[in-house]
Amino acid sequence: KTVGKEKVGVLDIPGFYVGLTDDVKVQLQKLEKQNVSSVIIDLRSNGGGALTEAVSLSGLFIPAGPIVQVRDNNGKVREDSDTDGQVFYKGPLVVLVDRFSASASEIFAAAMQDYGRALVVGEPT
C-alpha cells in the first residue's frame, strides 16, 4: 500500500499455524524487494494458534531474549525464548490488534511492545 509518498507493506495474519514464520519470512523478502519503508502486521480477529510460532515469529524482529513464560499444572514455569541472535527485519513495524486478537497473537504483540520493537495499535485484547 502507498501512504502519502511511502510504500508500506501489510501482512494480514489470521492465525498462528505451524509454518507461519517461514511464510512471513518469504513475504518480508518480497516486501524488501519492493522497497517498502515500513511493515504493518495485522493481527485483528486473530484468535491465536501455535505458541511455538508466536515465539519464532517474534524472533524475526528481535535479536534474542525471552518471549513468554508458561506455567504447567504443577506450577513449574518454562520460559520460551528467541536464541538465534539474528534480526530478519529491522525496519519500522506496526502491529494492529483488536478485541478478537487472542492467545498467540497477544503474546507476539506484547513481545514486540515489550522490546520496543513495534508500535501496537488498536483495541484492548
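Ranking of 43, 60 by neighbouring Cβ atoms within 10 Å, starting from the fewest: 60, 43. The H on the amide N of residue 40, modeled in the peptide plane, is under 5 Å from the matching H of 9, 10, 11, 94, each at least 5 residues off or on a different chain. Basic side chains Lys and Arg get +1 at the Cβ, acidic Asp and Glu get -1 at the Cβ, and with that the dipole of region 2-122 about its Cα centre reaches some 280 debye.
Using R0 = 35 Å, the C-beta based FRET efficiency linking residue 35 and residue 121 works out to 0.90. Starting from the Cα gyration tensor of region 27-103, take the square roots of the eigenvalues, sort them a ≥ b ≥ c, and report rounded, prolate or oblate (rounded when a/c is under 1.5, otherwise prolate if a/b is larger than b/c, else oblate). Oblate.
Between the residues 115, 26, 14, the greatest Cα displacement towards the positive end of the dipole of the chain, with unit charges on the Cβ of Lys, Arg, Asp and Glu, is found for 26. Listing 108, 100, 61, 88 from fewest to most neighbouring C-beta atoms within 10 Å gives 100, 88, 61, 108. The number of Lys pairs in region 2-122 with C-alpha atoms less than 13 Å apart, excluding pairs fewer than 8 positions apart on the same chain, is 4.
Each value in this text was obtained by applying a stated rule to the coordinates, not by laboratory testing. Predicted model only: the values in this text are computed from it and were never measured. With ideal geometry, Cβ positions are generated from the backbone for all residues, glycine too; neighbour counts draw on all protein chains shown.
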